[in-house]
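Following: one structure in structure tokens, then a few remarks.
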Amino acid sequence: MSFSSKTLILGRRLSHGQHNSLFGYLVDGLNAIGSLLIFAIMAMIVTDVLSRNLFNQPIAGVAELVAASIVMIVFLQLPGTLRHNRMAQADIFIVGFTEKHPRVGHLLQCLFFLAGAYMLYIVFSGTLPTFLRAWERNQFMGVEGVFTFPVWPIRLVIISCAAITVAQYLLLSLQSLWLAWRGQATLAEEAEQ
């Protein structure tokens, strides 16, 4: 398999009409980091429980790290969930409607994706000032003298992944517009042509 600059930017066709590109690799990489963070949380919790029960000595900061990690996991895996069409939604209407009326159905999906992009933009713009404040003031989380860690990396993950999710929503809205313009139900139909 060879990669050209066009393939790296625009992507290459995979099965089921999907493309893989640098952006796709970024999104899937963030998803993998989120999965590794889940494993790390499980290991921390098990280690803390064993330490409490066997040695009567809890590990300082586990509760704070777990709480902070859960927020990061959600945002790390959000773009991948959206990219691979695993976002929770009520498909009972839109799937059948899009099959019967592809143009209007894809326009409705485009509106859904644009609304999602706007919502994540609100998250981004609301978190950006708190990130800057945490960075400038060097804010920490935890119990002083026992266990503390800086807040800004958590907020950086949130704003970065929110921005990437906005980009993913916009890409999906463009894809829906393309399908509406072509009058196709799916990208797989285009691959067959």
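From zero outward in steps of 5 Å, how is the percent of C-alpha pairs of the range 59-98 spread across the bins?
Reading upward from the zero bin: 6, 19, 15, 15, 13, 11, 8, 6, 4, 3, 1.
Using a 1.4 Å probe on the protein heavy atoms only, what accessible surface does residue 136 show? Give it in Å² to the nearest 10.
Solvent-accessible area, nearest 10 Å²: 140 Å².
Determine how large the accessible area of residue 122 is when every protein chain is in place; take a 1.4 Å probe and give Å² rounded to the nearest 10.
80 Å²
Could you put 103, 137, 83, 155 in order of accessible surface area, largest first, with the 1.4 Å probe and the full protein assembly present?
Working: 103 125, 137 165, 83 45, 155 70 Å².
Sorted by accessible area, descending: 137, 103, 155, 83.
Can you tell me the equivalent ellipsoid semi-axes for the range 19-92? Use √(5λ) from the Cα gyration tensor, largest first, whole Å. Please list the in-between numbers first.
On the way: eigenvalues 220, 36, 17 Å².
So the three semi-axes of the range 19-92 are 33, 14, 9 Å.
Would you indicate which of (i) 9, 35, 35, 14, 5, 1, 0; (ii) 9, 36, 37, 16, 2; (iii) 8, 26, 28, 20, 12, 5, 1 is the value of P(r) over Cα pairs in 10 Å bins from 0, in percent derived from the coordinates of this structure?
(iii)
How much of residue 147 can a 1.4 Å solvent probe reach, expressed as accessible area in Å² and rounded to 10?
60 Å²
Over the range 20-100, give the accessible area per residue in Å² for a 1.4 Å probe, as an integer.
Details: 4960 Å² over 81 residues.
Counting only protein heavy atoms, the per-residue value for the range 20-100 is 61 Å².
Tell me, what is the percent relative contact order of the chain, built from C-alpha pairs under 8 Å that lie six or more residues apart?
On the way: 198 pairs, mean separation 48.7, N = 193.
Across the chain, relative contact order equals 25 percent.
Per DSSP H run of at least 4 residues, take -39500 (n - 2.57); add these up for the chain, divide by its residues and hand me the 222 nm value, nearest 500 deg cm²/dmol.
Details: 7 runs with 145 residues, N = 193.
So the helix-based figure for the chain works out to -26000 deg cm²/dmol.
Counting only complete DSSP H runs, which helices of the chain cover 20 Å or more along their long axis at the Cα atoms and score a mean Kyte-Doolittle of -0.5 or above?
TM-like helix candidates: 22-55, 62-83, 102-137, 152-182.
Percent of accessible area on the chain owned by carbon and sulfur, 1.4 Å probe?
Numbers: 8030 of 12070 Å².
C and S atoms contribute 67 percent here.
Considering only protein heavy atoms, with the full assembly of protein chains and a 1.4 angstrom probe, order 39, 97 by accessible area, largest first.
On the way: 39 135, 97 55 Å².
Most to least solvent-accessible, the answer reads 39, 97.
Ranked by accessible surface with a 1.4 Å probe, highest first, in what order do 106, 84, 101 come? Present the calculation step by step, with values, prior to reporting the outcome.
Working: 106 5, 84 55, 101 90 Å².
Final ranking, largest accessible area leading: 101, 84, 106.
For residue 141, list long-range residues whose amide hydrogen, built 1.01 Å from N in the peptide plane, is under 5 Å from its own amide hydrogen.
Counting only residues 5 or more places away or on other chains, the set is 149, 151.
The values are calculated or read from the model by the stated rules, or taken from the named source; none is laboratory data. Keep in mind that what you see is a predicted model, and the values were worked out from it rather than measured. Surface areas here come from the heavy atoms of the whole protein model, side chains and all, with no ligands, DNA or RNA. Shrake-Rupley method; radii C 1.70, N 1.55, O 1.52, S 1.80 Å.
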